[in-house]
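Just so it is clear, none of the values below were taken in a lab; they were calculated from the coordinates. What you are looking at is a predicted structure, and each value in this text was computed from that prediction instead of being measured. All Cβ positions, even for glycine, are placed from backbone atoms using ideal geometry, and neighbour counts span all protein chains on display.
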Amino acid sequence: MVDLNSYIYLSLILFLIGLFGFIFRRNIIILLACVEIMLNALIILFASISYFRKDATGYILVFFIIAMAAAEAAVGLTLAEALYKKLKKVYTEEINLFRG
């Protein structure tokens, strides 16, 4: 059986991969994928803590994180598609649309 520390290390590694990808990459689609990786790391962390403590609170948080991730993916991809249709670019450093 896998212990709690293994799940914590796995979620930490996933979160750091998502964080470094979010900081160093500039493609909007990759940024959204990195946010999804970070949210999946939180799901693993909360589900494993809830499993080992025999408490349902973590599972409730997991449900809300999944709902938030689905909404983020839908809205984020819609905005990325709209930006691509208007500017023909998906890189964040080339988008000057929202500057005054």
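When segment 1-36 is examined, which residues are found to be surrounded by 14 or more Cβ atoms within 10 Å (Cβ to Cβ) and among the hydroxyl-bearing types (S, T, Y)?
Y7, S11
Quickly run through segment 71-93 and pick out the residues that are surrounded by 12 or more Cβ atoms within 10 Å (Cβ to Cβ) and in a helix (DSSP H, G or I).
Scanning segment 71-93 gives E72, A73, G76, L77, L79, A80, E81, L83, Y84, L87, T92.
Could you identify the single residue in F63, F46, F15 that is closer than 30 Å to L83 by Cβ and among the aromatic types (F, W, Y)?
On the way: F63 fails: closer than 30 Å to L83 by Cβ; F46 fails: closer than 30 Å to L83 by Cβ.
Within the list F63, F46, F15, the selection yields F15.
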